[in-house]
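A quick write-up on the structure given underneath.
Read the figures in this text as sums done on the coordinates, not as results from a lab. On a predicted model such as this, the values are computed, not experimentally measured, just so you know. Positions of Cβ are generated from backbone atoms using ideal geometry, with glycine treated the same way; all protein chains shown enter the neighbour counts.
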Amino acid sequence: MKYLLAILLLCVAARAENFAAAAAGPLPDAPDDRRPFWTFENKVDVGVLGGLVAADAITTQRGLSEGYREANPVMRPFVTRGATGQGVGSALGFGVGLGAVYLLHQTHHYKAERVTMRLMVGVEGAVVASNIVQIR
């Protein structure tokens with residue numbers, strides 16, 4: 001009998017809670033914190049990164065033709081296969097970088113997204129500058 005009474009009291013309490021929530025009215029909408037990914041800033045950053053990746057590919061192939069060696073062991077199997085391999089390796093690297101930035105955006109890490117994009121642009125710019133200094 002105690003168990004039946006306890007179950008009955010729990011059911012009444014649960015029903016009363018639903019009734020009180022319905023009487024309060026609908027919940028207000030939460031503020032929409034989502035931001036679009038393709039803002040002007042991201043378009044410019046992606047364009048600059050793409051240009052730097054292309055410049056890296058060109059300067060790397062030029063350096064290889066002059067007898068230099070690829071320093072990055074991950075990219076070495078790609079770049080030694082000529083322009084086609086260089087294009088595939090550059091596209092994979094660009095895609096992984098852009099995918100990481102988009103993942104940060106989707107998880108609402110907007111500041112980390114901007115920092116990561118700027119770091120990639122800075123590092124790629126340093127690589128291109130290093131390549132130009134080496135082949136001159």
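What to note about this one:
- Magnitude of the charge dipole, the chain, Cβ model with Lys/Arg +1 and Asp/Glu -1, debye to 20: 260
- Signed unit charges on C-beta, dipole axis of the chain, positive-most listed residue Y110, V127, P77: P77
- Computed P(r) (all Cα pairs; the chain; 10 Å bins; percent): 10, 27, 18, 11, 7, 8, 9, 6, 2, 0
- Annotation: extensible slack from R118 through A83 equals 9.9 nm (criterion: 0.36 nm per residue apart, minus Cα-Cα distance).
- Full extension of the chain segment joining L92 with A54 gains 12.4 nm, where the gain is 0.36 nm per residue of separation less the Cα-Cα distance.
- All-pairs Cα distance distribution in segment 77-136, expressed in whole percent, bin size 5 Å: 4, 18, 16, 21, 19, 11, 8, 3, 0
- For a label point 7 Å along the Cα-to-beta-carbon line of F37, residues of segment 110-136 with backbone N under 20 Å: 110-121
- Mean-square fluctuations from a GNM of the chain, with a 10 angstrom spring cutoff on Cα atoms, peak among F94, F40, F78 at F40.
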